[in-house]
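Since the structure comes first, as structure tokens, the remarks are kept for the end.
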Amino acid sequence: MMRIECPWCGGRDETEFHYGGEAHIMRPENPDALSDEAWADYLFMRANPKGVHAERWMHAQGCRRWFNVLRHTVSHEVVAVYPMGTPRPDLPETGA
Amino acid sequence: MARYSILSLARNALTGHRDWPKLWRSPEPRPAYEVLVIGGGGHGLATAYYLAKEHGVTDVAVVEKGWLAGGNIARNTTIIRSNYLWDESAALYEHALKLWEGLSHELNFNVMLRQRGVLNLAHTEHDVRESIRRVNANRLNGVDAEWLDAAGVKAFCPPINISPDVRYPVLGATLQRRGGVARHDAVAWGYARGADARGVDIIQHCEVTGIRQVRGRIAGVETNRGFIGANKVALVAAGHSSMLADMAGLRLPVESHPLQAMVSEPLKPVLDCVVMSNAVHVYISQSDKGELVLGAGIDAFNSYGQRGGLHVLEDQLAALMQLFPAFSRVRMLRSWGGIVDVCPDASPIISKTPIEGLYINCGWGTGGFKATPTSGWTFAHTIARDAPHPLNAPFALDRFISGALVDEHGAAAVAH
Amino acid sequence: MTGPRRLPNGGRIDRSRVLSFCFDGRRYTGYPGDTLASALLANGVRLVGRSFKYHRPRGVMTAGAEEPNALVLLEPGRFAEPNLRATEIELYDGLVAESVNRWPSLRVDLGAAAGLASGLFVAGFYYKTFMWPPSWWNRVYAPVIRRMAGLARAPSEPDPELYEHRHVHCDILVVGAGPAGIAAAHAAAASGAHVILADERPRPGGTLLDGPAWVGDEEGAAWAERMLAEMSAQVLPRSTAFGYYDHNFVALAERLTEGLSPAERGGRPRQRVWHIRARRVALATGAHERPLVFPGNDRPGVMLAGAVSAYIHRYAVLPGGRAVFLAGDDSVYAAAREFARHGGEVAALVDLRTDSAAEANGLLVLRGAVPLRTFGRGAVTGIEVEVNGTRRRIACDMVAMGGGWNPAVHLFSQSRGTLRWDDESRMFVPGLSAQAERSVGAAGGRFDLEGCIAQGAEAGVTFACELGFEASALSATPAAPAAQPGVLPVPPKSQDKAFVDFQNDVTAADVALARREGMQSVEHLKRWTTLGMATDQGKTSNINGLALMATGLGRPPAEVGHTTFRPPYTPVTFGALAGRHVGALADPVCRTPMQDWHETAGAVFEPVGQWLRARYYPQLGENMREAVARECRAVREGAGILDASTLGKIDIRGSDAAEFLNRIYVNGWKTLGVGRCRYGLMLGEDGMVFDDGVTTRIGEHRYLMTTTSGNAAAVLEWLETWLQTEWPTLRVYCTSVTEQWGTITVSGPQARALVEPLVEDIDLDPAAFPFMSMREGWIGGAPGRIFRIAFTGELSYELNLPWRQALPVWQRLVEAGAVPYGTEAMHVLRAEKGFIVVGHETDGTVTPVDLGMERMVSSRKDFIGRRSLARPDCLRPDRKQLVGLLPEDPLEVLQEGAQILEAPRAAAPVPMLGHVTSSYWSAAMERGFALALVRGGRSRHGDQVWASATTGDSLVRIVDPVFYDPEGTRLDG
């Protein structure tokens, strides 16, 4: 079981959180203007890297706030935690 | 291929088993193939087998980055059934079940199919309604299905607890008598042996590092053992599908998640059928070795780690205690994880791609094992004919654009 | 004395009490401090089990967790525990154990017939056979294979005992309380760090208790005791660290009632699973001795040399009288010396090597020898070895073997550390770490006592410093002495079975066969032969197996590699993992203010989300249908009351609340006046109906949203997600108030008469208080709200009261003649009106258009899911649409889940048009009726189709889904 650093409450067990999938997916400004392909891309297509993944977590049993996490999908190492609405931080060479 | 027979067994028993041939060769990759299958798991090996057998395409290589059949085919809970809700799924899985029923003889390799019946339990009025809906749909689709009330469940599966005094009592179950389990490794070995005998090169420890295209058409793959040319490349890499698709510049509606399973220590036969419960989240059968084999839902997060959290197993065992309180003093012997590639509609993708010569078979989520024969059979058809078979046409990539999803969440919340 | 093999002195047993126990029906005695295995050995019992496949007779081989042979069923009956290792069971008075996997008895086991055919039953034989004739597989072969399966019988009664979980954080967790672990914990705890020291055995000390040991001039066991007494660490004996998970999360299984008979346990929890999050972990898990692989190495009486020493020192048991020691490494010499010193006769010390300089103390040593076979019916009576080309047969009643040691790297490997093959010491040792841990002592490949202790202490100090504690400086660990590698197995020449995996009966010949057939990866070897998959998980077999494969392939073991070490280290009880989440605590029940009342009234309940809702209230002699019909009539003709407290209620406030609702719901919200209510439908972004409910504007910038009972939490999270992740600039705040308001729906033509006496300051006149509006005021003396919304089609008042004040109002309504109705009547009444229920009429594939609600869907704004409705598949004219169904036989109630067909009884596959989503008996219409989703159904009203159910096919007519009062004349009473 992972331990995740909630930016508001501190480190907690994974079971206190809900996972929200890939981060930084913006809801299109004007969906009507999109082709079916572009809409499908927003709805369904997801980055699924073997490596560092930008993803959303919500502290469901705590402050109920969403935040972003950079996490390695093999080592499960959490390499960064940052607020919603801020860009993905640049990382130095990540190992793991 | 040396056929197994009573005679060959007797001869070898007398000669100290010195003369059994290798199950498959370990060839060096040739410079180019007509079809190159990426992924030496059950689905990839079945694809190669049916390419050779059904379509006469024998200039085929299967490349596998690790050891043959070491992915999800080596890690699943071996459940086989075809009682899916929607017509498209039922047709696909029922075709698979029919292939299973002849597979040992088809492959001359005993895959130890045991059709001991699969119970899908209903614990709420909602479950009951949806279960009966599925039984009716199955029946009309030619899939064997029955609805049992709680007493019927108890009669079919004596160790189960149907007391109304538990939090989610068993109200009934659907039963597919032809469902059951099979020896998972054997299926892959049987396909590998059969494919190899028909000329397919199975190349282990060969990792694909790039997919080469020339003018929008597939040309071959880069590997840790050099470039291998191919007219057609078929991706069958389960949890690693997104990474390989990415090499070809293709985005997929797929996420990879850990799925865990476990076995108990071996016990004398106590549970003859397969019992699955979506509502309390556990499924269980007893292997021919006597181990109770259990699985549950996926871990929520994306991962390629082949491991999940202990709490998922603990939840699953707490659920088991409601259904089989007598198993409380049985012990967990071994737990493990696989990586499952999950589609938004809990249905697979068996499809051509926008790139000429590139085909993809993925998104089986937690339910791929039971489909192994048909996954290979339809994918081989799609590759050989460059067009889907009617069975897999509904499972094309473009359904995510049109919206024609085959949403099996309702019928198989933890699908498997 | 408790048995002929008990030494008169020594051992860590309590000789002041004699315990009586029973094995396979025979009575024996032992001492507190014994294990079942040591007590059996003391009594001269050699045959204790049968192997899995060939049912070969087996004896105790080890003294610990790695035991492959001595498995028993402990306490047959309610307290049964299958497949326990006798080497780990602490003896108690009255203990009852049975051997397993034999029939009819351990001595006469008919299963051993399998051994006769063992020439056939080699690795992989299953896959090649049992296929002819085809029909025999299911009828004959498979059932026979199944009957042979398994070890002990499964328990058949519910578990009478309890288990629990504990969650802790600590600075440093030390696993294993041998010399290295004790030193690590001692050093770490001295710094003030919070240290936990866990050990699987009942008594800390590890190998210090297994033989003579001196730490400086202090006797080893005394050193251990002093160190433990000095340190402030939390010491957990009988606690096995079984899994090492992500982020330094280690799980332990503590056995709290070990060594107590069922009667003595007194209801205390039997086991406790510890979830430990440690900042640092020291792995001092020791090592397992490697058996030697030679023909006949499985005969009872063949043991590991280290175990012989342990039985002498821990339990004062001399496991044999005249022994041959087979040495693959120098530690066997020490065991032989101990055996001789305690009165055993060492017939010979047979060294497989030629170059050992170990001290033999005058024992007969045969160097460069090869064990060829053993003799004996049942237990061993002799062994044949080849020395310098000549064969010697040596009589003995025990063979003690040791091929060297394998560090117990299981937890290290589970932590995702990578193992390294060390050529010099011929073992896999920890290589690169992946988490904040260190392996120390034998677990790290260090075998000299001084070095183990120094290494442990160094780890303890280093960890403490890393974590910011002040620790004393420490001298570095001395350099390791030269490696004294053991031997790795070579394929025996003889045809006799030489066992690699003792429990699963995998022989050296099986490994060779697997190699010849191409199963050359260690994972293939494991799967083809089942090597390492027994209940000992390969602790004694894996390294020998891969070494044999390496030799066969002519490649170094490092290249062949090892299989994955999987949790748990040793088996863990299911019940312990489930913990307290069983029985009533499996999933807590949410209770409404009226829950007790419903229970007293004899309601039948159904689970809805976390709630148990009253489904109907049967009166004396009533069946469900009668009760529901009575409740329905009460609502249609008089007045009924429903406990609707379970509906999700979300308080939404903020200056952008209306804009927010506009984006969440398909319909518009900007024109809704204060005090007015509106039905809303929300979709997923895929366009499919997700939830519905009535939302009321209760203030200028404040709304009260209701959700379905089961979806309340999901809807709240849905709202919060959009607000936080997509629209953070919207000024909107959501609060769940479900449990703040008890909700009573009063419905029926008499509703107003019933509510009127309860309110003082609310005018119930329909002109003053119209349908779909809300009033605040005093209800039954409590401040509350009344909503004029109706799910039944009748005049309805939905009373919202402070949670604790709802019950008195409910009781007053009952006293005034209101008839309580449950969820089933509610469903009938709403279905008569054609109202949908999410989860009945929707299944995640249904759009608002499918439900005939397209007029609700605003075209003047964007909302979640809107774009998806324009995808080609959502525009198909033949989508399944909501319709009503009337069975041609009015007395029939269709089966919910029946499929709709154009014609009955065709051959499969039959095209299906849709299915019955809800179906009831209508008391008002005095007939059965149903709702259904039917392909293109809206244009088919009047058509006859068939409903196909498990009970048969029925002719039905497609009709409009509103069956009752389509004009809505009854809404005002």
Find the percent of Cα-Cα distances in segment A:36-96 that exceed 16 Å, and round it to a whole number. 56 percent
Would you give the gap between the C-alpha center of segment C:417-459 and the C-alpha center of segment C:239-291, rounded to a whole Å? 21 Å
Under a straight-distance cross-link criterion of Cα-Cα below 19 Å, which lysines are reachable from residue A:50, leaving out those fewer than 8 residues away in the same chain? B:65
With +1 on each Lys and Arg Cβ and -1 on each Asp and Glu Cβ, and nothing else charged, work out how big the dipole of segment A:36-96 is about its Cα centre, in Debye to the nearest 20. 340 debye
In chain C, if every C-alpha pair distance is counted and binned at 10 Å from zero, what percent goes to each bin? 2, 10, 15, 16, 12, 11, 13, 12, 7, 2, 0, 0
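Report the percentage of all Cα-Cα pairs in segment C:873-973 whose separation exceeds 25 Å, rounded to a whole percent. Mind dumping the intermediate values first?
On the way: 1025 of 5050 pairs.
For segment C:873-973, the share of Cα pairs beyond 25 Å comes to 20 percent.
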Going by average Cβ density within 10 Å per residue, which order do the peptides A:36-42, C:576-582 take, highest to lowest? C:576-582, A:36-42
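Would you mind getting me the FRET efficiency between residue C:944 and residue C:740? Use the beta-carbon distance for r and R0 = 45 Å, nearest 0.05.
0.35
Considering only DSSP beta bridges whose two residues both sit in the protein assembly as shown, what percent are antiparallel, to the nearest 5? Don't skip to the end; give the middle numbers.
Values: 200 of 265 bridges.
That works out to approximately 75 percent antiparallel.
Apply 1/(1 + (r/R0)^6) to the Cβ-Cβ distance of residue B:225 and residue C:494, taking R0 = 56 Å, and write down the FRET efficiency to the nearest 0.05.
Numbers: r = 41 Å, r/R0 = 0.73.
Here the calculated transfer efficiency is 0.85.
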Which value results when the Cα radius of gyration for the protein assembly as shown is divided by 2.2 N^0.38 Å? 0.98
Distance from a point 7 Å along Cα→Cβ of residue C:24 to each backbone N in segment C:54-73: keep the residues under 15 Å and list them by number. C:55-61, C:69-73
Loop trypsin sites (Lys or Arg not before Pro), segment C:878-930, which have at most 12 other Cβ atoms in a 10 Å radius of their Cβ (DSSP): C:905
Can you give the charge dipole size of segment C:179-228 about its Cα centre, rounded to the nearest 20 debye, using +1 on the beta carbon of Lys and Arg and -1 on the beta carbon of Asp and Glu? 180 debye
Please give the Cα centre distance for segment C:878-932 versus segment A:1-69, rounded to the nearest Å. 42 Å
For segment C:204-217, take each phi angle, set θ = phi - 60°, evaluate the Karplus expression 6.51 cos²θ - 1.76 cosθ + 1.60, and give the result in whole Hz per residue in order, putting x for glycine and proline. x, x, x, 5, 4, 8, 8, x, x, 8, 10, 9, x, 10
Fraction of the pair-distance distribution of segment B:282-349 above 19 Å, Cα-Cα pairs, percent: 42 percent
Treating cross-link reach as a plain straight distance, find the aspartates and glutamates whose alpha-carbon is under 16 Å from the alpha-carbon of residue B:268, omitting any fewer than eight places away in the same chain. B:288, B:291, C:81, C:98, C:109, C:157
Taking the Cα centre as origin and putting +1 on Lys and Arg beta-carbons and -1 on Asp and Glu beta-carbons, what dipole magnitude results for the protein assembly as shown, to the nearest 20 debye? 3840 debye
Based only on Cα atoms, what mean projected area does the convex hull of chain B have, in nm²? 20.3 nm²
What are the lysines whose alpha-carbon lies under 27 Å from the alpha-carbon of residue C:861, with same-chain residues fewer than 8 places away excluded? C:649, C:670, C:880
Helix C:823-832 axis, angle to chain C major axis (alpha carbon atoms, nearest 10°): 50 degrees
Would you mind pulling out the separation of the Cα centroids of segment C:466-510 and segment B:1-76, in Å? 35 Å
On a 0 to 90° scale, report how tilted helix C:449-466 is relative to the longest principal axis of chain C, with both axes built from alpha carbons and the result rounded to the nearest 10. 30 degrees
Listed residues C:575, C:771, C:802: farthest to the positive end of the dipole of the protein assembly as shown (Cβ charges): C:575
At 7 Å along Cα-to-Cβ for each site, give me the label-to-label distance between residue C:103 and residue C:610 in nm. 4.9 nm
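A short reminder: the numbers here are calculations on the coordinates, not readings from a lab. Since we're looking at a predicted model, the values are computed, not measured. FYI the Cβ positions are ideal-geometry reconstructions off the backbone, even for glycines, and counts take in every protein chain you see.
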